[in-house]
Amino acid sequence: MSKTAFVQLLDLAAGLVLVISFAALWLRRLATVARMIAVQGLALAAVAAVIGIYEHESELVGVAVLVGILRAGVLPGLIRRAVRAGDELREVESIINVPASLLAASALTLVSYATTRDVVALSPAPQVRAIPLGIAVVLIGMLMIVTRRKAVLQMMAVLMIDNGIALVMFLGTSGVPLAIELGIASDVLLAVFILQVLTNRIRTKFGGTDLDQLRALRD
Amino acid sequence: MVGVALGIAAIAATLAMAAGCVLPERARVVWVGILTAASATAGGVAGIAVLAGSARFTANYPDLLPLGGIRIEFDALSAIFTVAAALVAVPASIYGIGYGLHGPSSRPVQVAYPLLVWSLMMVPAAGNVTGLVVLWELMAISSLILVLAEHQHNPEARTAAQWYAVVTHLSLLAIVVALLILAHGAGGESFAAMRSGAGRLGPGVTSVVFLLALLGFGAKAGVVPVHVWLPRAHPEAPSHVSALMSGAMVKLGIYGVVRVGWDLLGGGPGWWGAVVLIVGLASAMFGILHALLASDLKRLLAYSTTENVGLIFIGIGAAGLFASTGNRPLAAVALAAALLHVINHAAFKGLLFLGAGSIHSATGTRDLDSLGGLARRMPVTAATFAVGALAIAALPPLNGFVSEWLLLQSLVHSLPSKAVAVAVAMPVAVAVVALVGGLVAATFVKAFGTAFLAMPRSVEAEQAHESPRTMQIGLVALAGMCVALALAPTVLAEPLRRATVAVAGLSSGRPIHTNGVYLQLSGIQAGLSPLLLATGLGVMMVVALAVVRRRRVHHTVRDIPAWGCGRTLQTARMEYTATSFAEPLQRVFDDVLHPEIDVDVDHRTESRHYIEAIRYRRQTRDAFEQRLYLPLLGVVRRAGDAARRVQNGSIHRYLTFSLITLIVVLIAAR
């Protein structure tokens, strides 16, 4: 793979991860957002694969396959089950409306670019240049947690944050040992399992997963 | 020798804690008492050995704790306070056997008690900041557990423990900050390093260290205005613990002030002494006025502790003032007076608290207004309590007299002084000490008179019986100690010299000369022989008795009933109560104390001119609590309520907080 092709492919994949975050904020149907998270996982796997192929690291390619299976297959599958289990199809009213959240997301992207300038300046490598994208995905994931009411959406937001962290990891370290990625993967899997169980419990207890109604549980 | 004794003390205390943990209830109380008494005896022996001239004991255990490890530096100043603690702890532990068999015998109490005794003896022996703070906290926590001992029957104990816990933790904060500043500036956290390096701190920093230490240690000593925990916590603890807290624990606050201010820092400007003196004067007046009006016996004793600590602070403050004006010999006399009063107060206040405990366990009440007539029912308690009351009132053949006499001598003889501060402060101090002396006498006439004399004012007092033998042993031992300290202060002249020499900022040669019988103060034309005084008083009493006898022999005596002014019988309701006894003095100090007085008059339904019942209730609120602490607590509570608005229970809001934090951190750490 030539250097130009590598840079183009890497930027495409990493940019896709960020664009999908915006899409997830923009879309309302829960099932569609879940599909977006799956695509994001796929893009993330592509980032790992591109780096692995360019640097001839077979282990990183293996990691990419693992990431693809987990983040584009298993985890979104679990989420889809959670969506199907409830009768909620869309986020009815978020805390702030869609245009406002898109604006906020743009601002967060700016923040991430502004704050990582020193990191980017460390190395001219194209991977390092893309690190702000990962930070922006993390921040947008948090924004999604804060502004959405449905617990299922928040599960997806947690996955998005994790995707962002993984993106920074691939870009910043150029090659993660398989063991570490396995550990992280099992952590995320466990977290999603727990979240799914909790969401089900909330639903059976309160008839919905609107977290704002939990406020009455205080004190 | 000293090291071995301290080791035995530690081992005995550990065994006592183990006994408190594993043994069944009755055996537990007995063994904890015996082993703790043994531990205190060993600690006392170590202290006496140092005071009698053994070299000071130092040891270093660098691996015992992280940070600096623990250093032990046991010099004569430490020994004075360790001996004072042991002096109360041995009788109190024996007393605790009898007391615990009918009272608090639970495991936490029986484990905390030996720990308290041991830490009381070891705090003065600490030789570095880490050691001092750790031992200090052990002491604070074990005493807190003991204050809570009776919380199941007594909700008051919980409030008391809350106040105590808060004050004691804040005071620890002040102490730690003071010592850390000092250690940082001096370049070492062992006392030896701090002593030699204290000169490197600027005068401003030194004064900050001193004031923080005064605040922190003063809170433990229970001086105004940080005394609020003391009249709450001391009454609620079991009585042998109250005796330890009053007799030994508050003294460690005094130890801290002397150690940090005039040993580690090596003394400072004259206003240090003036501040301590003013705090002492205020505490003495405030304490005794509240004691005067109190009708709860243990509360009365607790306020009297504030008063006595005030007297000791007066001695230390005066010593500081004298030293700064260059009058070193007089400073040594004032310091010796203060240290002697530490020991004396330990003896008589321990005795009085144990006596109050005997009364409480015999009658179930501490309210003087419902006691009375106990002298006949509890003769040993009455006799020993009388000794304690006479001693605390500083009446001649007893020990309180000696130290207060020394204190007054040092204050009076400063007067032809060129320093303005001394010339202004000392006459005031003398007047306050004199006034306090009079009020103490009135207070303890009230306490002894209403509790032990006249007729019982309640059924409980009527059915009282003498306490068990172990408790009597504790009382008699402490009473004997009061007498011994009174008759033989000449023995203490040399130990007191060693202790004052250990305080570098105040010391000089020899404050008290003695030829075995006669005490001669150095630099002052004043002397006293307690032994001769006591003998003289004894001879006078014998002569007086003999004269009365003679008159009886020579005149015929007829017993006839006195004219009852038309009354046919005398009931307990005709007697003075503690409240009514203090009423005239309450009127005198009305403007200072502002007592709340409620008088409810119930009329008969038939006619307004006939009165069914009158209820009189007097309550003296602590002015500092009302004006300083409660408003302060109000501010804290309002701040807390305001903070609750931030925490409204919405998960989204909490998550927003973390998002904002993340962004702020990202921007700030860029």
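Observations, loosely collected:
- Qualifying trypsin sites (Lys or Arg not before Pro) for region B:598-663 [loop in DSSP, other Cβ within 10 Å: at most 15]: B:Arg604, B:Arg608, B:Arg621
- Expressed as a whole percent, the accessible surface of chain A that belongs to carbon and sulfur atoms is 67, based on a 1.4 Å probe.
- Surface share of carbon and sulfur [accessible, 1.4 angstrom probe, percent] for chain B: 65
- Scattering profile of the protein assembly as shown at q = 0.04, 0.05, 0.06 Å⁻¹ [log10 I(q)/I(0), Debye over alpha-carbon scatterers]: -0.31, -0.45, -0.60
- Each of B:Thr605, B:Thr577 has its accessible area taken with a 1.4 Å probe; listed largest first, they run B:Thr605, B:Thr577.
- The sum of -39500 (n - 2.57) across all DSSP H runs of n ≥ 4, divided by the residue count of chain B, sets its helix-only mean residue ellipticity at 222 nm to -22500 deg cm²/dmol.
- Chains B and A together bury roughly 1600 Å² of accessible surface, counting both sides and using a 1.4 Å probe on protein heavy atoms.
- Semi-axes of the equivalent ellipsoid of chain B are 41, 34, 27 Å, computed as sqrt(5λ) over the eigenvalues of the C-alpha gyration tensor in descending order.
- Once you divide the Cα radius of gyration of region B:50-96 by 2.2 N^0.38 Å, the number left is 1.49.
- For region A:3-217, the spread of Cα positions along each principal axis, largest first, Å: 54, 33, 26
- Mean separation of Cα contacts under 8 Å, 6 or more apart, over the residue count of region B:281-555: relative contact order %: 25
- Residues of type lysines that A:Lys150 reaches as a straight line, Cα spacing below 30 Å, ignoring anything fewer than 8 places off in the same chain: A:Lys205
- Only Cα pairs under 8 Å and 6+ residues apart enter the sum, and on that basis the relative contact order of region A:76-161 stands at 35 percent.
- Probing with 1.4 Å while keeping every protein chain in the model, the per residue accessible area of the protein assembly as shown equals 43 Å².
- Relative contact order for chain B, counting Cα pairs under 8 Å that sit 6 or more residues apart, in percent: 12
- Accessible area, probe 1.4 Å, largest first, for residues B:Trp262, A:Trp26, B:Trp163: A:Trp26, B:Trp163, B:Trp262
- Proximal aspartates and glutamates to B:Lys446, defined as alpha-carbon separation beneath 13 angstrom and excluding residues fewer than eight positions away on the same chain: B:Asp296, B:Asp367, B:Asp369, B:Glu575, B:Glu583
- The 1.4 Å probe gives accessible areas that order B:Glu189, B:Glu612, largest first, as B:Glu612, B:Glu189.
- The figure for B:Tyr654 is an accessible area of roughly 80 square angstrom, using a 1.4 Å probe on the protein chains alone.
- Listed by chain and number, the lysines placed with their C-alpha closer than 19 angstrom to that of B:Lys251 are B:Lys220, B:Lys298, B:Lys349; residues fewer than eight positions away on the same chain are left out.
- Kirkwood hydrodynamic radius over Cα pairs of region B:623-668, then Stokes diffusion coefficient at 20 °C and 1.002 mPa s, in µm²/s: 164
- Between A:Phe170, A:Phe206, A:Phe193, the GNM of chain A built on Cα springs shorter than 10 angstrom shows A:Phe206 fluctuating the most.
- Ranking B:Pro231, B:Gly202, B:Leu244 by Cα position along the charge dipole of chain B, where only Lys, Arg, Asp and Glu carry charges on their C-beta atoms, puts B:Gly202 farthest toward the positive end.
- Hydrodynamic radius of region B:281-555 per Kirkwood, over alpha carbon pairs, in Å: 19.7
- Normalised by 2.2 N^0.38 Å, where N counts its residues, the alpha-carbon radius of gyration of region B:247-339 equals 1.13.
- Heavy-atom accessible surface of B:Arg498, to the nearest 10 Å², is about 70 Å², with a 1.4 Å probe and all protein chains retained.
- Average beta-carbon neighbours from other chains, 10 Å sphere, peptide B:641-652: 3
- With the whole protein complex present, B:Leu368 retains an accessible surface near 0 Å², based on a 1.4 Å probe.
The values are calculated or read from the model by the stated rules, or taken from the named source; none is laboratory data. If you're wondering where the values come from, they're calculated on a predicted model, not measured in any experiment. Methodologically, a virtual Cβ is constructed for each residue, glycine included, from the backbone with ideal geometry; neighbour enumeration extends over all protein chains shown. These area figures cover heavy atoms from the full protein model, side chains too; ligands, DNA and RNA do not enter into them. Shrake-Rupley method; radii C 1.70, N 1.55, O 1.52, S 1.80 Å.
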